[in-house]
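> Just passing along the structure, written as structure tokens.
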Amino acid sequence: MPGFDLGELGWCAELADNLEQGLEPGRVVAVHRGAFDVATPHGSVRARLPGRLVRDGVDVAVGDWVGLAGALVRAVLPRKSAIVRKSAGLTSEAQTLAANVDVAFVVTSLGPDLEPRRVERYLVTIWESGAVPEIVLTKADRMEDPWPLVAEVEAVAMGVPVHVVSAVTGQGCEALRARLGPGATAVVLGSSGVGKSTLVNRWAGREAMATKETRADDDEGRHTTTHRELVVLPGGGVVIDTPGLRELQLWDVGSAALDEAFADVEELAARCRFNDCTHTREPRCAVLAAVESGELPRERLDSWRKLQRELRAIAMRHDVRLRKEEGRKWYLAAREGRARAKAKQR
Ligand SMILES: Nc1nc2c(ncn2[C@@H]2O[C@H](COP(=O)(O)OP(=O)(O)OP(=O)(O)O)[C@@H](O)[C@H]2O)c(=O)[nH]1
Ligand SMILES: [Mg+2]
Ligand SMILES: [Zn+2]
């Protein structure tokens, strides 16, 4: 089995400093149920976490750098970035979509389903992650004039680059690929069917990922990509392909990330008469004035409010959980103390 050049995958001196002696470095390229594919200089290793690390709740995601002892993951090296969402469904757990990402491409296809509100949500999540967001609008070949839609996206992008591409004509694909030098890591994120895997394959120059074959104009339907995978690109750089997300729920996002994604609203809010203005009915509220004048679209304000509410709800759930965990730690410590006292008595 051919080995990997870890330098091409982004291995660097700083990471090496954090690796315990005796462990072999590798990068997680795919996560399966209970096992990981790890790229190493000696080839791909199917590795797993020892029970102790599983019990400690150690999280391993695609893109993670790990220290291996044989086929066991002994350590997960500190991440420089992590894209995290609340896992889908009713549980309140975090899910790491990708780790150690430099550039996160928010991919959405040009067409009637394009939804600027969804883009805002992705931007908040990525600003929180430590990666840098860029927006990719695909399937430009399907539209006579994509520019009104592009302008709509640019209005919520707040300076984040917006790329227009077509995998059919090749428009914009190479320019985007050039964003990834040797050692750089990108991830493609977005709904199912927008063309993430098609783009990855084009960059890889091979069918690295399966893509949907029928009905090229059908954005809906079953997910084609079913697991996250890191693909090494010829000439350096890697890209992580992900399955389409039905929903991107925020996870523990700091207010700075929200401010970054809604810089326009933040700037207006700073000009309100009252410091604690709720922008609902206060006099001389700059935010409401901007909605009134049409400078700030009402939907954008609503979106900002909705995301803020979500963040508050998450923070509250966290508090409850922290208190529960504290209680449990205290209980275990007390039990241990009692057991030790008993042992001494004997
Ligand atoms: N016309 C047109 N079709 C495209 C373009 N890019 C992708 N497609 C088609 O869109 C469909 C979906 O593409 P995929 O790459 O499988 O989409 P995906 O985002 O990976 O979807 P999931 O894996 O389900 O998340 C396929 O039929 C592609 O051929 C494009 O630029 N133009
Ligand atoms: Mg796919
Ligand atoms: Zn206000």
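> Please work out if residue 123 is surrounded by fewer than 22 Cβ atoms within 10 Å (Cβ to Cβ), hydrophobic (A, V, I, L, M, F, W, C) and outside the structural domain of residue 299 (by TED's automatic domain parsing).
It is false that residue 123 is surrounded by fewer than 22 Cβ atoms within 10 Å (Cβ to Cβ), hydrophobic (A, V, I, L, M, F, W, C) and outside the structural domain of residue 299 (by TED's automatic domain parsing).
> For the subset of the stretch 1-43 comprising residues that are under 24 Å from the mean Cα position of the chain (by Cα), surrounded by fewer than 17 Cβ atoms within 10 Å (Cβ to Cβ) and touching a residue at least 40 places away in the same chain (Cβ under 8 Å), which member is farthest from residue 78 (Cα to Cα)?
It comes out as 32.
> Of all the residues that make up the stretch 77-115, how many are part of a loop (DSSP other than H, G, I, E, B) and more than 20 Å from residue 16 (Cα to Cα)?
Total satisfying the criteria: 13.
> To continue, here is another question. Among the residues of the stretch 20-39, which ones are closer than 19 Å to residue 228 by Cβ and either in a strand (DSSP E or B) or modelled with pLDDT of 95 or more (or both)?
Scanning the stretch 20-39 gives 26, 27, 28, 29, 30, 31, 32, 35, 36, 37, 38, 39.
> Related question: Any residue that is assigned to a loop (DSSP other than H, G, I, E, B), touching a residue at least 12 places away in the same chain (Cβ under 8 Å) and surrounded by fewer than 19 Cβ atoms within 10 Å (Cβ to Cβ) - is there at least one of those in the stretch 126-138?
Checked the stretch 126-138: at least one residue is assigned to a loop (DSSP other than H, G, I, E, B), touching a residue at least 12 places away in the same chain (Cβ under 8 Å) and surrounded by fewer than 19 Cβ atoms within 10 Å (Cβ to Cβ).
> I would also like to ask the following. Tell me yes or no: at least one residue of the stretch 81-104 is closer than 18 Å to residue 171 by Cβ, over 18 Å from the mean Cα position of the chain (by Cα) and surrounded by fewer than 20 Cβ atoms within 10 Å (Cβ to Cβ).
No, because not a single residue in the stretch 81-104 is closer than 18 Å to residue 171 by Cβ, over 18 Å from the mean Cα position of the chain (by Cα) and surrounded by fewer than 20 Cβ atoms within 10 Å (Cβ to Cβ).
> Tell me the helices (runs of 4 or more DSSP H) entirely within the stretch 218-318 that contain at least 2 residues that are within 12 Å of ligand 3 (Cβ to nearest atom).
Fully inside the stretch 218-318 and qualifying: 263-269, 286-293.
Every residue, every condition in (1) under 23 Å from residue 93 (Cα atoms); (2) charged (D, E, K, R); (3) at pLDDT below 90, yes or no:
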site	(1), (2), (3)
292	no, yes, no
309	yes, yes, yes
313	yes, no, yes
319	yes, yes, yes
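> Going through 160, 187, 194, 164 one at a time, which residue ends up being under 24 Å from residue 63 (Cβ atoms) and touching a Pro at 6+ places or on another chain (Cβ under 7 Å)?
After ruling out the rest, the residue left standing is 160.
> Please specify each residue of the stretch 44-76 satisfying the condition of being in a strand (DSSP E or B) and either of a type in the set (Lys, Arg) or touching a residue at least 40 places away in the same chain (Cβ under 8 Å) (or both).
44, 46, 48, 65, 66, 67, 68, 69, 74, 75
> Another question, then. Hey, residue 250 hits all of (1) at pLDDT below 85; (2) more than 16 Å from ligand 2 (Cβ to nearest atom); (3) more than 22 Å from residue 159 (Cβ to Cβ); (4) aliphatic (A, V, I, L, M) but one; which does it fall short on?
All conditions pass for residue 250, except number (3).
> When the residues of the stretch 234-274 are narrowed to those that are aliphatic (A, V, I, L, M) and within 16 Å of ligand 1 (Cβ to nearest atom), which ends up farthest from residue 7 (Cα to Cα)?
It comes out as 248.
> For the stretch 255-289, which residues satisfy the criterion of being more than 23 Å from residue 116 (Cβ to Cβ) and acidic (Asp, Glu)?
276, 282, listed by residue number.
> Considering only residues that are within 22 Å of residue 300 (Cα to Cα) and not aliphatic (A, V, I, L, M), which ones fall in the stretch 130-162?
133, 134, 146, 147, 148, 152, 154, 159, 161
> Among the residues of the stretch 185-210, how many are more than 10 Å from ligand 2 (Cβ to nearest atom), not in a loop (DSSP other than H, G, I, E, B) and not aromatic (Phe, Trp, Tyr)?
The total comes to 6.
> Here is a further query. Which one of these is of a type in the set (Ser, Thr, Tyr) and closer than 21 Å to residue 240 by Cα: 91, 40?
It is 40.
> While we're here: Considering only the stretch 211-223, I want to know if a residue exists there that is within 20 Å of the chain's Cα centre (by Cα), at pLDDT below 95 and within 26 Å of residue 156 (Cβ to Cβ).
Yes, the stretch 211-223 contains at least one residue that is within 20 Å of the chain's Cα centre (by Cα), at pLDDT below 95 and within 26 Å of residue 156 (Cβ to Cβ).
> Ok, one more. Just checking, does the stretch 64-71 include any residue being surrounded by fewer than 24 Cβ atoms within 10 Å (Cβ to Cβ), assigned by TED's automatic domain parsing to the domain that holds residue 144 and more than 20 Å from residue 314 (Cα to Cα)?
no
> Next question. In this structure, does residue 239 turn out to be under 30 Å from residue 95 (Cα atoms) and modelled with pLDDT of 95 or more?
So residue 239 passes the test.
The values are calculated or read from the model by the stated rules, or taken from the named source; none is laboratory data. If you're wondering where the values come from, they're calculated on a predicted model, not measured in any experiment. Neighbour counts run over all protein chains shown; Cβ positions are idealised from the backbone, glycine included.
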